[in-house]
Amino acid sequence: MINLSELNLEQKMAAETIEGPLLLLAGAGSGKTRTVTYRIAHMVENLGIAPKNILAVSFTNKAASEMKERVRALIGGAKSKAMTLSTFHSLGLQLLKEQITKLGYDKRFSIYDTNDSLAIIREGLKTYRSSKESYDKKQIQSKISFLKNKAIAPHEFSRTRYFDSGNDYDLATEYLYDYYQEKLRFFNAVDFDDILFLTVKLFKQFPEVAKEYSQKFQYIMIDEYQDTNELQFEIVKALTSTHSNICVVGDDDQSIYAFRGADIRNILNFEKQFQNCKVIKLEQNYRSTQEILSLANKVIKQNKKRTDKTMFTHTISKVKPLLWATQDSAHEAAIVVEDIVQEQREGRKLFDFAILYRSNTQIPAIEDQLRLSQLPYKVIGGQKLYEKKEIKDLIAYLCIIRNPKDQISLRRIINVPHRGVGSVTLKKVISVSQERNISFLKSLSYVALNHPSKNSNKFSQFPDLIFSLRGIFKEKGLSQGIKYLVEKIDFYSYIDKTYDNTTQASYRKLDVEQLILSAERFEARFENQATLANFLEKILLADSQDSKEEGEQKNEVTLMTLHSSKGLEFEQVYLIGMEEELLPHKRVIQLGEDIDEERRLCYVGITRAKKKLIMTYTKERKLYGKVVPRHRSRFLLELDDLFTHQDRTTFGHLSEEEAQKYKQDFFADLLSSLD
């Protein structure tokens with residue numbers, strides 16, 4: 001039996017509410033994951049609900065993994081494996097793998113990333129109006145992604161309010177959206193947005209499929225519901241078509257992803273969309289001090305369109321949040337880093353500190369000061385292993401081995417290493433592929449045989465290489481298959497030639513070794529399930545919030561944007577740039593947009609702090625070569641009683657003796673670091 005007495009009153013009510021729709025409004029740090037996992041365990045162990053009938057969906061692979069681990073700890077591995085705990089995209093992918101043939105695709109489809117998509121759009125632009133106009137392909141790609149997440153198909157675009165017949169980009173997008181989808185179909189591929197777009201299409205065109213999965217998943221839980229978009233809402237509706245056992249967990253005060261398509265109305269209107277809905281608020285915070293929460297509550301209450309809730313805690317501190325006035329960005333960086341140095345001297349770990357900011361333009365001054373002080377740090381959002389060129393080249397090989405129809409991947413690596421396939425040959429291959437309606441791989445063999453050239457022997461062997469590699473992966477397994485691939489194409493020699501045997505070449509080869517190690521870890525973890533197909537899914541579905549690898553926490557300061565900080569917590573947080581035109585952002589102010597989401601960003605930043613919060617603003621910043629006066633954010637106006645305001649441009653907050661010592665210590669450290 002699962003003992004629910006360890007939960008607080010509201011958490012226990014949520015765990016015991018199983019039948020019918022439930023809206024669980026979970027404020028920052030309120031123990032929502034604990035509540036949800038106990039709710040699942042209660043359903044299985046205490047109520048005897050079959051695990052296979054339970055579906056729990058979160059937004060990131062990291063969150064889904066954490067939920068799986070917690071559920072496994074409560075009910076054991078066998079029962080937890082029988083239920084579906086995944087992200088929306090993982091769920092959609094699983095459904096498509098089972099049902100995509102109904103939409104005219106082969107089950108062995110590829111998943112195209114951003115660069116693959118841009119390649120198709122680039123080709124499409126060559127056929128649009130004879131390429132007389134110049135268009136930004138990324139802007140068109142972004143519009144296509146936007147339309148898909150609004151559940152708008154190519155033929156529907158021109159009839160929506162998002163289409164302007166007088167806008168050249170909309171006219172180009174109308175043509176290219178249709179071209180793009182046709183090419184994806186021909187290549188037997190889907191892009192990341194298609195995973196949900198096609199799932200919704202599947203449910204709408206085949207209601208019996210929606211009914212089948214609704215009957216399978218009798219109890220559904222959706223985490224971070226404030227971040228759902230229109231496609232995800234349609235999926236939720238389809239999966240609840242035969243019942244109303246839906247529990248959504250979220251916090252409208254932390255809805256900060258409108259730029260990704262998140263629609264806050266989904267959570268605000270949940271009670272209207274699901275009749276007889278029960279609402280439970282989790283308002284007790286287990287993360288921050290009451291002084292930090294009091295400031296956060298007062299800031300967010302200025303928003304009008306929100307559900308009323310007030311976060312509280314039993315953790316009281318005598319330390320109020322601080323607001324430091326600084327002279328400029330260099331001074332702001334200097335005093336923040338000096339404060340961290342002082343804290344480190346007193347025994348604090350660097351991983352306890354986070355520096356949060358609204359815009360990446362705020363990073364350079366902070367990074368310079370951290371380097372000057374010789375403090376290790378990490379910037380969340382740097383280039384990941386799977387985003388590096390050589391790794392993407394090898395992944396393209398893996399995609400071709402998995403799906404020979406994958407033309408985009410094939411074109412990426414046809415000359416990696418060099419095989420002498422020039423632009424003329426490539427045009428012939430493309431032309432044959434289209435005219436004869438055959439795969440790019442088959443057309444390559446056809447051109448080598450029927451249109452011989454001096455390099456025909458080189459690329460005519462390529463199809464045989466791919467098919468032989470398919471056998472190697474089946475015979476030797478994932479990591480050994482990748483090792484064989486690297487050796488067979490002499491990839492390390494290719495890297496040496498590309499980078500002239502420099503240190504850069506060594507780093508690139510180390511990246512390849514990391515890919516092989518990643519495959520080995522994948523095999524160790526998933527054993528019989530460690531197939532090439534599953535490995536590619538793991539890579540191509542990895543989201544921006546997932547860590548590169550599990551491992552020991554490094555002792556380094558964390559730098560990240562406010563958007564990236566959601567879901568994280570730190571002992572001490574520096575929220576820099578609390579000023580007009582940074583938070584709220586200048587773009588939002590100039591466009592006259594609703595600043596509610598900017599205020600929610602501020603709320604998210606404040607509630608990342610567990611024990612100490614330090615906010616900063618500058619009196620002036622250098623912008624576009626000019627020194628411009630700055631003013632503290634409107635979000636902090638009339639809240640002076642909730643934080644301590646210190647002007648760090650003078651030493652007025654210190655005694656004369658303390659100020660003199662501070663100056664001596666600061667400049668002594670600065671000179672020491674320069675030595």
Q. Taking the Cα centre of segment 263-313 as the origin, how large is its charge dipole in debye, to the nearest 20, when only Lys and Arg (+1) and Asp and Glu (-1) carry charge on their Cβ atoms?
A. 180 debye
**Q.** For segment 16-136, alpha-carbon Rg over 2.2 N^0.38 Å
**A.** 1.56
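Measure up K107/K143; K405/K474; K392/K483; K586/K611; K62/K538; K68/K388 against 23 Å on the Cα-Cα distance and list the ones that go over.
On the way: K107/K143 28 Å; K405/K474 19 Å; K392/K483 15 Å; K586/K611 30 Å; K62/K538 12 Å; K68/K388 30 Å.
As for pairs spanning more than 23 Å Cα to Cα, those are K107/K143; K586/K611; K68/K388.
Return the Rg/Rh ratio of segment 228-350 with Cα-based radii and a Kirkwood Rh. Walk me through the numbers on the way to the answer.
Values: Rg = 20.6 Å, Rh = 18.5 Å.
Across segment 228-350, the Cα-based Rg/Rh ratio is 1.11.
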**Q.** Stretch gain in nm, segment S244-E580, where the contour uses 0.36 nm per residue and the Cα spacing is subtracted
**A.** 116.5 nm
Q. If you take the charge dipole of segment 13-171 about its Cα centre, with +1 on Lys and Arg Cβ and -1 on Asp and Glu Cβ, which of A41, A153, A15 is farthest toward its positive end?
A. A41
(Q) Can you give the FRET efficiency to the nearest 0.05 for L510 and R72, using r as the Cβ-Cβ distance and R₀ = 51 Å? (A) 0.90
Q | Mean shadow area of segment 60-104 over all directions, Cα convex hull, nm² | A | 3.4 nm²
Q. Mind listing the Cα extents of segment 127-208 along all three principal axes, in Å, largest one first?
A. 47, 30, 17
Q: At 7 Å along the Cα-to-beta-carbon direction for both E593 and A524, put a label point, then send me their distance in nm to one decimal.
A: 4.4 nm
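Please find the FRET efficiency linking R345 to F186, where r is the Cβ-Cβ separation and R0 is fixed at 51 Å, and quote it to the nearest 0.05. Numbers along the way, then the final one.
Values: r = 63 Å, r/R0 = 1.24.
So, using R0 = 51 Å, E works out to roughly 0.20.
Of the listed peptides 635-641, 260-266, what is their order by residue-averaged count of other C-beta atoms within 10 Å, with the highest listed first? Mind dumping the intermediate values first?
Numbers: 635-641: 14.1, 260-266: 19.3.
So the order, starting with the most tightly packed, is 260-266, 635-641.
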Q | Tail beyond 16 Å, pair distance distribution of segment 398-514 (Cα, percent) | A | 63 percent
**Q.** Solvent-accessible surface (1.4 angstrom probe) belonging to D496, in square angstrom, nearest 10
**A.** 30 Å²
**Q.** Formal net charge of residues neighbouring Q529 (Cβ-Cβ distance under 12 Å; K, R +1; D, E -1)
**A.** 0
**Q.** Probe 1.4 Å, all protein chains present, accessible-area order of T228, T101, largest first
**A.** T101, T228
Q: Please state the charge dipole magnitude for segment 178-237, taken about the Cα centre, from unit charges on C-beta atoms (+1 on K and R, -1 on D and E), reported in debye and rounded to the nearest 20.
A: 340 debye
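What per residue convex hull volume, in Å³, comes out for segment 84-234 when only alpha-carbon positions are used? Can you show the working numbers first?
Values: hull volume 18.4 nm³, N = 151.
Enclosed volume per residue, from the Cα hull, is 122 Å³.
Using the C-alpha atoms of segment 337-483, what convex hull volume per residue, in cubic angstrom, is computed? List each step's numbers first, then the result.
Details: hull volume 28.5 nm³, N = 147.
Looking at segment 337-483, the number lands at 194 Å³ per residue.
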Q. Out of every Cα pair in the chain, what percent are spaced more than 42 Å from each other?
A. 36 percent
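Rounded to the nearest 0.05, what FRET efficiency do Y175 and R371 give with R0 = 45 Å and r taken as the Cβ-Cβ distance? Could you check? Spell out each step's value before the answer.
Values: r = 49 Å, r/R0 = 1.08.
After rounding, the FRET efficiency stands at 0.40.
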Q: Among I54, G104, A333, flag the residue with its Cα farthest along the positive direction of the charge dipole of the chain, charges on Cβ as +1 for Lys/Arg and -1 for Asp/Glu.
A: G104
Q: Let me know the charge dipole size of the chain about its Cα centre in debye, to the nearest 20, where only the beta-carbon of Lys, Arg (+1) and Asp, Glu (-1) is charged.
A: 2100 debye
(Q) In the chain, if the dipole is taken from +1 on Lys/Arg beta carbons and -1 on Asp/Glu beta carbons about the Cα centre, which of I413, I292, L591 is farthest to the positive end? (A) I413
Q) How big is segment 218-280 by Rg and Dmax over its Cα atoms, in Å? A) 11.2, 33
Q) Between E16 and D647, 0.36 nm times their residue separation minus their Cα-Cα distance comes to what? A) 222.1 nm
(Q) Report the gain in length on full extension from D168 to Q215: 0.36 nm times residue separation, minus Cα-Cα distance, nm rounded to one decimal. (A) 12.3 nm
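Over the chain, calculate the relative contact order: mean separation of alpha carbon pairs under 8 Å at least 6 apart, over the residue count, as a percent. All intermediate terms of the calculation are to be shown ahead of the outcome.
Numbers: 968 pairs, mean separation 122.6, N = 675.
Answer for the chain is 18 percent.
The values are calculated or read from the model by the stated rules, or taken from the named source; none is laboratory data. Just so it is clear, the structure is predicted and the values come from calculations on it, not from any experiment. For neighbour counting, all protein chains shown are included, and Cβ atoms are generated from backbone atoms with ideal geometry for every residue, glycine included. Quick note on the areas: whole protein, heavy atoms, side chains included, nothing else; ligands and nucleic acids left out. Shrake-Rupley method; radii C 1.70, N 1.55, O 1.52, S 1.80 Å.
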